[in-house]
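So the structure is just underneath, and the comments pick up after that.
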Amino acid sequence: MDRSPAIPLSRPDITDADAHLVLRTLRSGRLSLGPMLEEFERLVAWRAGRSYGVGVSSGTCGLHLALLALGLGPGDEVITTPFSFVASANCILYVGATPVFVDICPRTLNMDPALAARAITPRTRAIVAVEVFGNPAYMPQYQALAARHGVVLVEDACEALGTTLDGRPCGSFGRLAVFAFYPNKQITTGEGGMIVTDDPALADLCRSLRNQGRVAMETGATGSWLVHEHLGYNYRLPEMNAALGVAQIRRLDEIIARRQQVARWYLERLRGVRGVVPPATVPGASFSWFVFVVRLADRFTAAQRDAVIAGLRARGIGAAEYFPCIHLQPAYRRRFGFGPGMCPVAEHVSQRTIALPFHTNLTAEEVETVCRALEEEVRKTGG
Ligand SMILES: *Cc1c(COP(=O)(O)O)cnc(C)c1O
């Protein structure tokens, strides 16, 4: 990890008003399962155009509960992308199901819908689709594919809060969708996540599973604190974290506007920079911009990409190789015997991506500094 670079890869945007609401909640005496969680759930569900929100302690916990609530388990195949944060596939392993990795489209970096269709077998029970880097490409196609084959679409929207496709918000496509609020996301609760859905039974089950399998503790007086209907977990989101979420999501439109401005500065500045491919947008999409990830042209090697990242870091500029392929992670190779060549497009792309500094308060001057450094480091590699 970098020791606080001058221009960090990411930085949360916390105002005095955000901090004040957290402090007020801390002093209220109600530190778990209280009004802040309820309010945060209402606001996130509303943003995603869904009926129910279930707050949990991380996006990873949310994905785990989503798959548990659907009853997925051993013998079930779940189609997903190798080009994502590892949690989007780990949740499949948590429930004992089998991940089936489908290669990506080289432009949008999301799972290729045609390849996903070919990966369907009689054992396929679900598709975990990810809006990688917040790109909503193909969500309607995944939805249609799932409907056609009678399988469930789970939407890992952890990178896409506030993004829309033809007016439809991310988080509205899957039977269940999951958001995350780690400090580098569009809004943060420190740690936290949220499951959203329109299905009341699934929402109730997730609510119970996050709270040790207790039933109806929050919605009615019928449940008991000492009766556990299900094998549950402690995946509760504390009130202090929910309060931060409430304060942050109230500012979401302003946060999105600033991130769009930063992205525009980058896109304008990088136009015509030789060897650097900017992130793709798609028609009809309005991005809330999670990260800003560029790619070096195909002629560059992974070693040249690594040299560019090292060069940027040496100048005090945060940069990272988002994402190494999940199927090539040591934990997956050991368990499944996976190796290179399985998903050639994802492997090719993952060797050439560079995440650049990106956050709500990045200035035009900082964008200029990063882009000039990137230009020079790319030139130095001789590509
Ligand atoms: C951030 C993220 C998650 C969840 O991360 P947590 O750190 O557990 O909140 C899941 N999937 C993707 C694609 C993510 O980017």
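The values are calculated or read from the model by the stated rules, or taken from the named source; none is laboratory data. Fair warning: this is a prediction, and the values are worked out from it, not measured in the lab. Neighbour counts run over all protein chains shown; Cβ positions are idealised from the backbone, glycine included.
Residues of the stretch 170-200 that are more than 9 Å from the ligand (Cβ to nearest atom) and among the acidic types (Asp, Glu): 198, 199.
Taking the conditions (1) closer than 30 Å to residue 255 by Cβ; (2) surrounded by fewer than 24 Cβ atoms within 10 Å (Cβ to Cβ) in turn, residue 127 satisfies each one other than (2). Within the stretch 288-303, being under 30 Å from residue 249 (Cα atoms) and away from the ligand (no atom under 16 Å from the Cβ) holds for one residue alone: 294. Could you figure out which of (1) within 12 Å of the ligand (Cβ to nearest atom); (2) of a type outside the set (Phe, Trp, Tyr); (3) crowded, with 24+ Cβ neighbours inside 10 Å; (4) part of a helix (DSSP H, G or I) isn't true of residue 84? Unmet for residue 84, out of (1) within 12 Å of the ligand (Cβ to nearest atom); (2) of a type outside the set (Phe, Trp, Tyr); (3) crowded, with 24+ Cβ neighbours inside 10 Å; (4) part of a helix (DSSP H, G or I): (4). Cβ-Cβ contacts under 6 Å between residues 6 or more apart (or on different chains), taken from a first residue in the stretch 58-69 that is farther than 13 Å from residue 126 by Cβ and of a type outside the set (S, T, N, Q) to a second residue that is in a loop (DSSP other than H, G, I, E, B) and near the ligand (Cβ under 7 Å from one of its atoms), are listed as 59/158.
Among the listed residues 148, 210, identify the single one that is away from the ligand (no atom under 12 Å from the Cβ) and either modelled with pLDDT under 95 or surrounded by fewer than 24 Cβ atoms within 10 Å (Cβ to Cβ) (or both).
After ruling out the rest, the residue left standing is 148.
Selection of the stretch 92-123 for residues being touching a Cys at 6+ places or on another chain (Cβ under 9 Å) and within 15 Å of the ligand (Cβ to nearest atom) yields 101, 104, 111. Taking the criterion of being more than 15 Å from the ligand (Cβ to nearest atom) and in a loop (DSSP other than H, G, I, E, B), the residues of the stretch 63-81 that qualify are 70, 71, 72, 73, 74, 75, 76.
Close Cβ contacts (under 8 Å, 6 or more residues apart or on different chains) running from residues in the stretch 242-261 that are farther than 13 Å from residue 41 by Cα to residues that are assigned to a helix (DSSP H, G or I) and of a type in the set (Lys, Arg) comprise 252/47.
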